[in-house]
Amino acid sequence: TTQEFQALSPDTLAERLGPIDAIRDRLGDPKDWTMREVGDGNLNLVYIIDGPEGSVIVKQALPYVRLVGESWPLPLRRAFFEYNALKRQDERDPGAVPEIYYFDEDQAIIAMEFLSPHVILRKSLMEGKRHDGLADVLGRFCARTLFRGSDLSMPTAQRKADLALFAGNAELCDITENLVFSDPYFEAEMNRHTPQLEPIVAALRADSDLKIAAQHLKMAFANNAETMLHGDLHTGSVMVTDTETRVIDPEFATYGPMGFDIGMLIANFLMAYYAQPGHAEAEGARANYQNWILSVVEEIWGTFTAEFTHLWRTERTGILYQASLFEDQGDALASEQARIERLAAIWRDCLGFCGIEMHRRTLGLAHIAEYDEIADDAARAACEARGLMLGRALAVGRVNFTAMTEVTDLARRINQE
Ligand code: SR1
Ligand code: MG
């Protein structure tokens, strides 16, 4: 029997979660727990519980979009998809995501590892901090989870079952399909943008090539069910220390095209790059830091392709491109050509999704703190306009770029305009 959903509150946390061994064992006696709500995302409640023996994160989905309110209902079962995605990501890239201690499907509660002293990467990029190994972990995470969740690696019956399972996350896909790919390009009700951007926004909404690109990319997102995606891999879904990087929050997990996660991730670094004038003090230090951000972008793609190539050569156990078709017949060159062409397709998608993400974070409902926290409208618009220009160049011109250095060079040129 299912219990009626009840949102957790600081007053009820100890009473409701205290009896659960897996949580009490981590924290100690519930009467000594203290809790604070720390959720700053768009959808959920998030508590940190501190006990005499440790700390735990408790995340609970609400039956509506927190950012908007009860007028926008959203199914609790997104917690089920988040739980299942975390389990799979941990198998495919061990240690990359928080450990889960407890899951309650009816109450949409996941209790998991409290990452400390980690902070949200987006905040850290606004503060001008660098993180060793960041690009390596993120590039590898993308390669491992995307490759190992696909027909390149999984037993195909298992992949098809997962495809059907994650198809149930339809309402969260619907958010992405509308908020990311459509709303930015017309006057959707919940859109907002900085007033000084009006002429650029009008030009983008009248730009047929851009709207056609967005439609093609939307079709790819909705129809190209290549692998299990994280589904919302932005810099707010990454936690860091000086030397450690972890990925969180895969409630938008779904089957989709391989270029989606990595494109969305890179877009968020590029926007952090353009937002720096709104945050960094001295110009010299800012330029250095901006260069570091672009080096991370280049390294993420470099690590992704290196790891994907390694997995292709060592772990291709799925129904796609069997060794019997290539290597066993002494046709290893064809296998390599197939890999190069596959990576080229991911690259094109990645740039397209990257460009669209840069637009929707400036023109749609869900913006980013890097831009939003620039108090002066004109200064914010100057940063955002550069991101919009690069986004358009990437979405429309995605077939013309051949290396990430071409993207970062263009980012620099636009930054100087
Ligand atoms: C209504 S949800 C808006 C955005 O927040 C999430 O983090 C996703 O990025 C979604 O598009
Ligand atoms: Mg999130």
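Yes or no, residue by residue, for (1) β-branched (Val, Ile, Thr); (2) under 16 Å from Ile356 (Cα atoms); (3) in contact with a His (Cβ under 7 Å, 6 or more places away or on another chain):
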{"site": "Ser182", "(1), (2), (3)": "no, yes, no"}
{"site": "Tyr185", "(1), (2), (3)": "no, yes, no"}
{"site": "Gln196", "(1), (2), (3)": "no, no, no"}
{"site": "Met219", "(1), (2), (3)": "no, yes, no"}
{"site": "His230", "(1), (2), (3)": "no, no, no"}
{"site": "Asp249", "(1), (2), (3)": "no, no, no"}
{"site": "Thr254", "(1), (2), (3)": "yes, no, no"}
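Here's the yes/no breakdown for (1) assigned to a loop (DSSP other than H, G, I, E, B); (2) more than 19 Å from Tyr64 (Cβ to Cβ); (3) in contact (Cβ under 8 Å) with a residue 40 or more places away in the chain:
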| residue | (1), (2), (3) |
| --- | --- |
| Ala7 | yes, no, yes |
| Asp11 | yes, yes, no |
| Glu15 | no, yes, no |
| Ile23 | no, yes, yes |
| Arg26 | no, yes, yes |
| Lys31 | no, yes, no |
| Leu45 | no, no, no |
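Just to check your reading of the model, which residue among Leu152, Leu146, Leu125 is closer than 28 Å to Ile48 by Cβ, touching a helix residue (DSSP H, G or I) at 6+ places or on another chain (Cβ under 8 Å) and among the aliphatic types (A, V, I, L, M)?
On the way: Leu152 fails: closer than 28 Å to Ile48 by Cβ; Leu146 fails: closer than 28 Å to Ile48 by Cβ.
Step by step, each of Leu152, Leu146, Leu125 is checked, and only Leu125 is closer than 28 Å to Ile48 by Cβ, touching a helix residue (DSSP H, G or I) at 6+ places or on another chain (Cβ under 8 Å) and among the aliphatic types (A, V, I, L, M).
Report yes if some residue within the range 55-74 is surrounded by 14 or more Cβ atoms within 10 Å (Cβ to Cβ) and more than 28 Å from Met228 (Cβ to Cβ); otherwise report no. Yes, the range 55-74 has at least one match.
Scanning the range 39-62 for residues that are more than 11 Å from Phe114 (Cβ to Cβ) and more than 14 Å from ligand 1 (Cβ to nearest atom) returns Leu45, Pro52, Glu53, Gln60.
For the range 149-191, taking the residues that are surrounded by fewer than 18 Cβ atoms within 10 Å (Cβ to Cβ) and of a type in the set (S, T, N, Q), the one that is nearest to ligand 1 (Cβ to nearest atom) is identified as Asn178. The residues listed here are Ala225, Ala285, Ala267; of these, the one that is within 16 Å of ligand 1 (Cβ to nearest atom) and in contact (Cβ under 8 Å) with a residue 24 or more places away in the chain is Ala267. Residue pairs whose Cβ atoms lie under 7 Å apart, separated by 6 or more positions or on different chains, with the first residue in the range 236-259 and in the same structural domain as Arg130 (by TED's automatic domain parsing) and modelled with pLDDT under 95 and the second of a type in the set (Gly, Ala, Ser) and away from ligand 2 (no atom under 16 Å from the Cβ), are Thr243/Gly133.
Within the range 171-192, residues that are in contact (Cβ under 8 Å) with a residue 60 or more places away in the chain reach partners that are part of a loop (DSSP other than H, G, I, E, B) and of a type in the set (S, T, N, Q) with beta carbons closer than 6 Å, at six or more positions or on different chains, in the pairs Asp183/Asn191.
Of everything in the range 232-285 that is of a type in the set (S, T, N, Q) and more than 10 Å from the chain's Cα centre (by Cα), the residue that is nearest to Leu388 (Cα to Cα) is Gln276. Being within 18 Å of the chain's Cα centre (by Cα), modelled with pLDDT under 95 and among the charged types (D, E, K, R) is not true of Asp90. Scoring Gly302 on the criteria (1) at pLDDT below 90; (2) in a helix (DSSP H, G or I) leaves a single failure, condition (1).
The values are calculated or read from the model by the stated rules, or taken from the named source; none is laboratory data. Being a predicted model, the structure only gives us computed values, none of them experimental. For neighbour counting, all protein chains shown are included, and Cβ atoms are generated from backbone atoms with ideal geometry for every residue, glycine included.
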